[in-house]
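Chemist: One structure coming up, written as structure tokens, with questions to follow.
The values are calculated or read from the model by the stated rules, or taken from the named source; none is laboratory data. Since the structure is predicted, the reported quantities are computational estimates derived from the model, not experimental observations. Glycine gets a Cβ as well: all are built from the backbone with ideal geometry, and neighbour counts include every protein chain shown. Ligands, DNA and RNA are excluded from the accessible area calculation, which covers all protein heavy atoms including side chains. Shrake-Rupley method; radii C 1.70, N 1.55, O 1.52, S 1.80 Å.
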Amino acid sequence: MKLLFLTPPMGNWAPWGDRHLASNPLHAQLAAFIREKKSAEVEVLDCRALGLNDDQMMDEVKRRKPDVVFFGGLIAAAGGAAQLNRFHGAMKRIKEEAPKTITVAGGLMYTAIPEKIMSENPQLDYTLVSVFGDCEHTMHELLEELKQPSPKLGDIKGLCYRNGEVKLNPRRNNLIMNLDELPMPAYDLFPMDKYYGYSVLPNYNEAVTSRGCEGACHFCYEWWLVDPRNPRDFSSHRTRGGKKVAEEMELLNKKYGIKALTFMDDDFNSDRQKMVDLVEELEKKKLDVSWFCLGRAQNFIRDADLLPRLRKVGMYQVLIGIDGGTDEEIAEAHKGPMKVGVKELKDIIGYLRQNDISTVATYLNGFWEDDEAKIRQRARAVDEIDPDIVMIQLLNPIPGSPIWKRATKDGLIEIEDLSLYDLEHCVMPTKHLTRQKLGELTGWAFQSFYGKPGRIERILNGYSSPFVRQKFLSFKENAAKYEKGAAEDAVAI
């Protein structure tokens, strides 16, 4: 049996520019597991990286003749739910021209609303309902059953399939707790020389080293990776150890020449021992790789003693979520037991800056109670906290999330088109603001932040890593496109 992991032709999330490409972590991790189990011969076709259009994609699919084609992703910044329309379009084309090919999907959104997606997309044969990418065992069992004359699909936990009608099997009860037992991602299957970061960084790639998040914020986009039948799975955080992460970095750097790496975990620094082991291993390996990670402020505060050492082993920039304009609003996000308000955020960002580590801050506009005063207060708080770069996203009520349940119940969602669920488009108004006004205020907040004297100069010349400057210039170049998406319904992905 031949299994093809396919990324069809599609665009980019607007802030990253037109040339932001990296290997798909879900594909890399799942392909490695299936290959190790010998369930199928595995191949990867990344049409974005190879610059293939739809016709060229089909030429490759016909040439390779896969029995099964897999679609799906883990990373919101790859385009969020907007990717699904591209996946479904490619599936439809494959079914029209190679109708015996089996289509399977997993990852974000497929886990949250599998029955709805399959009901609306008859070209999709199977969906893997797996928390934060725990697709391995469900995919392995599906492939083994498909080899049988009469597959017993009803026995596969975590599978959504068709039997006259769409059927959803019971969820898998056991998460994969020890990620160190999984094989190294199958980077050898990808066109690693084609990947490029933020439209300016060659020798680039992305990695995901953990699953789940300790936060489980009610507004988080990661709810689209959670089976709503057991929402507590969200906070079951699991991570690879620091030594394993260092081994993956060594592989990427020495075998594939990666010199700029982004860890896309939402909670990369959750585990203190992971960070201790990571810095110790990297001090031994002396790799030529600079890296950027997403982490929680309270954990950077906890690991303040490690930050100077982490900078020396390549950590040049971090992303922190702010989640509010007042201490009370930040506390409502339920980020954890440590009190982290405006003062604490300002202090840790200042300490990171002292250690030559640049900061990116993200926050959301578009909560139901948001009015112009709240949005302006949020902007003032971020100005006081003073990160180097700010990314303002617009609330998309993710299926399965607490905020989506309320929005659906109250009929607040105005946009159902998944191509606009990319965190840069308004899909619902607030109690006080239209979608257009919300987008316009978000554009104002961007301009207000970067208009402060000295801020851009600090970004361009305040850090030793050239990546800080290069990434910002790319983001600045794409800011107009980002603002346009915030105020209008222009599809980017």
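Chemist: Taking a probe of 1.4 Å, how large is the accessible area per residue of the chain, in Å²? Numbers along the way, then the final one.
Modeler: Numbers: 19300 Å² over 493 residues.
The answer is 39 Å² per residue.
Chemist: So who's got an amide H within less than 5 Å of the one on Ile102, skipping anything under 5 residues away but keeping other chains? H placed 1.01 Å off N, in plane.
Modeler: Here the answer is Val68, Val69, since their amide H atoms fall under 5 Å of that of Ile102.
Chemist: Hey, what do the phi angles of the range 168-181 turn into as Karplus ³J(HN,Hα) couplings, whole Hz, using 6.51/-1.76/1.60 and θ = phi - 60°, x for Gly and Pro?
Modeler: Using θ = phi - 60°, the values come out as 10, 6, x, 5, 6, 7, 10, 6, 7, 7, 9, 5, 5, 7 Hz.
Chemist: Under 28 Å from the Cα of Lys152, which lysines turn up, not counting those fewer than eight places away in the same chain?
Modeler: Straight-line reach from Lys152, under 28 Å: Lys2, Lys37, Lys38, Lys65, Lys92, Lys95, Lys100, Lys116, Lys167.
Chemist: A further question on this structure: Can you tell me the order of 151-159, 309-317 when each peptide is scored by its average per-residue count of other Cβ atoms within 10 angstrom, highest first?
Modeler: Details: 151-159: 17.1, 309-317: 20.2.
Most protected by this proxy first, the peptides run 309-317, 151-159.
Chemist: To the nearest 20 debye, what is the magnitude of the charge dipole of the range 40-143 about its Cα centre, counting +1 on the Cβ of each Lys and Arg and -1 on the Cβ of each Asp and Glu?
Modeler: Working: 11 positive and 16 negative charges, 53 e Å.
That gives a dipole near 260 debye.
Chemist: Lone cysteines in the chain, defined as no other cysteine's Cβ under 4.7 Å from theirs: which are they?
Modeler: Flagged as lacking a Cys partner: Cys47, Cys135, Cys160, Cys213, Cys293, Cys426.
Chemist: Would you mind checking the tilt of helix 466-487 against the longest principal axis of the Cα atoms of the chain, expressed as 0 to 90 degrees and rounded to 10?
Modeler: Roughly 80 degrees between the two axes.
Chemist: In nanometres, what is the gap between the two model label sites at Lys243 and Tyr351, each 7 Å from Cα along Cα-to-Cβ?
Modeler: 2.9 nm
Chemist: Could you quote the convex hull projected area for the chain, Cα atoms only and averaged over all directions, in nm²?
Modeler: On the way: hull surface 84.1 nm².
Reported value for the Cα convex hull: 21.0 nm².
Chemist: Kindly state, to the nearest 0.05, the FRET efficiency for Glu369 paired with Arg19, given R0 = 45 Å and r defined as their beta-carbon distance. Mind showing how you got there, number by number?
Modeler: Working: r = 39 Å, r/R0 = 0.86.
It comes to 0.70.
Chemist: Would you mind working out the magnitude of the charge dipole of the chain relative to its Cα centre, with +1 at each Lys and Arg C-beta and -1 at each Asp and Glu C-beta, to the nearest 20 Debye?
Modeler: On the way: 67 positive and 73 negative charges, 126 e Å.
Computed about the Cα centre, the dipole is about 600 debye.
Chemist: So what is the 222 nm mean residue ellipticity for the chain from helices alone, if each DSSP H run of at least 4 adds -39500 (n - 2.57) and you divide by all residues, rounding to the nearest 500 deg cm²/dmol? Each step should come with its number before you reach the end.
Modeler: On the way: 17 runs with 188 residues, N = 493.
Taken over the chain, the calculation gives -11500 deg cm²/dmol.
Chemist: Continuing with the same structure: What Kirkwood Rh does the range 1-103 have if only Cα atoms enter the pairwise 1/r average? Answer in Å.
Modeler: 14.0 Å
Chemist: Normalised by the residues of the range 205-318, what does the relative contact order come to in percent, with Cα pairs under 8 Å and at least six apart?
Modeler: Working: 159 pairs, mean separation 32.1, N = 114.
About 28 percent, as a whole number.
Chemist: Considering amide H positions built from the backbone, and no H for Pro or chain starts, which residues 5 or more places from Tyr421, or on another chain, come under 5 Å of its amide H?
Modeler: Ala82
Chemist: Give me the percent of Cα-Cα pairs in the range 129-254 that sit more than 24 Å apart, rounded to a whole number.
Modeler: Working: 3646 of 7875 pairs.
So the portion of pairs separated by more than 24 Å is 46 percent.
Chemist: Could you give the length gained by full extension between Lys431 and Asp54, i.e. 0.36 nm per residue of separation minus their alpha carbon distance, to one decimal place?
Modeler: Details: separation 377, 0.36 × 377 = 135.72 nm, distance 4.18 nm.
Gain on extension, Lys431 to Asp54, equals 131.5 nm.
Chemist: Need the list of aspartates and glutamates near Lys284 for cross-linking: C-alpha distance under 14 angstrom, and skip anything on the same chain fewer than eight residues off.
Modeler: Answer for Lys284, where 14 Å is the Cα cut-off: Glu247, Glu250, listed by chain and number.
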